[in-house]
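Colleague: Take this structure, written in structure tokens, and hold onto it; I'll ask about it next.
The values are calculated or read from the model by the stated rules, or taken from the named source; none is laboratory data. This structure is a prediction, so every number in the text was calculated from the model and none was measured. As a convention, Cβ positions derive from the backbone with ideal geometry for all residues, glycine included, and neighbour counts pool all protein chains shown. Accessible surface is based on the protein model in full, side chains and every heavy atom, while ligands, DNA and RNA are left aside. Shrake-Rupley method; radii C 1.70, N 1.55, O 1.52, S 1.80 Å.
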Amino acid sequence: MDTYTSFAIIALAALIHASFQLSVSMLTLLGGHSLSRNVSRRRLLHLSSSFVVGTLVMTTLLLIMASYVSGTFARHGMSPFAWSIVSGLMMGLGVAVWLFYYRPGQGTALWIPRGMSRFLSDRTKTTTSGTEAFSLGLVSGISELVFIAASLVGAAFAIITLPSSFQLLGVALYVLISIAPLVTVYSLISSGTQISRIQRWRESNKQFLQYAAGSGLLILGFFTFVNEAIAASVILRGGL
């Protein structure tokens, strides 16, 4: 895999990650609950920024861990078999996202266990300090792991194929793209946009985001399977 292909895989995986909505949902809930308690604007921005930083930190840690584990077990490069597994995971998860990501009905309720949903909702209601908001951001990065795992692993595989001087750049590219929606929502809140207006936009566009995420996973899974699994197998067997 050449450097440009690796960065393309990292960027697409990050865009897929960015299309998932749990962290954005939690940020809007945090803002809504804070406003209902009549907190000051400065306090609201402090809580929101702490949440965003917590999500950024957890995303970075998860990606670095995935890259380290992948590199440990693939010191001489990722095997076609490993790429086949992660490609199949992406395509299977893409179909699952198409079918199950949002719960039926109005609103933007996600397909996560009810117990976890209640826990996260209760945490946003009781968050009153920057430290709590930061820890809530950390939790949000883990809570949607079942959906973002394929993107993280695919990006990790691509990162370890990069020259060592570019690997941190690959990590930074993924993290910055993946948290772009959170930064956008934070910017909207800081500019005075009503949270209800943000939520209405999310409700109106939830199907687009759902199908974009599922389609992105299918496209990325198919690309890595053809480009990294099949092509590499042919080369290893002396076919090219």
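Colleague: Only residues that are open to solvent by less than 30 Å² (accessible area, probe 1.4 Å), modelled with pLDDT of 75 or more and among the β-branched types (Val, Ile, Thr): list them for the range 95-121, please.
Modeller: Within the range 95-121, just 97 meets the criteria.
Colleague: Within the group 60, 5, which residue is over 18 Å from the mean Cα position of the chain (by Cα), open to solvent by 10 Å² or more (accessible area, probe 1.4 Å) and touching a residue at least 12 places away in the same chain (Cβ under 8 Å)?
Modeller: When all the criteria are applied, what remains is 5.
Colleague: Now, a different point. Go over the candidates 55, 124 one by one and state the one that is over 30 Å from residue 221 (Cβ atoms) and either modelled with pLDDT of 90 or more or outside any loop (DSSP other than H, G, I, E, B) (or both).
Modeller: Step by step, each of 55, 124 is checked, and only 124 is over 30 Å from residue 221 (Cβ atoms) and either modelled with pLDDT of 90 or more or outside any loop (DSSP other than H, G, I, E, B) (or both).
Colleague: State whether one or more residues within the range 168-184 are of a type in the set (Ser, Thr, Tyr), free of Cβ contacts under 8 Å to residues at least 24 places away in the same chain, loosely packed, with under 13 Cβ neighbours inside 10 Å and in a helix (DSSP H, G or I).
Modeller: No, that holds for no residue.
Colleague: Let me ask another. Residue under question is residue 32, and the condition is that it be at pLDDT 85 or above and part of a helix (DSSP H, G or I); does it hold?
Modeller: So residue 32 fails the test.
Colleague: Give the residues of the range 201-220 that are touching a strand residue (DSSP E or B) at 6+ places or on another chain (Cβ under 7 Å) and closer than 11 Å to residue 98 by Cβ, sorted by residue number.
Modeller: Narrowing the range 201-220 to residues touching a strand residue (DSSP E or B) at 6+ places or on another chain (Cβ under 7 Å): 206, 210.
Result: 210, single match.
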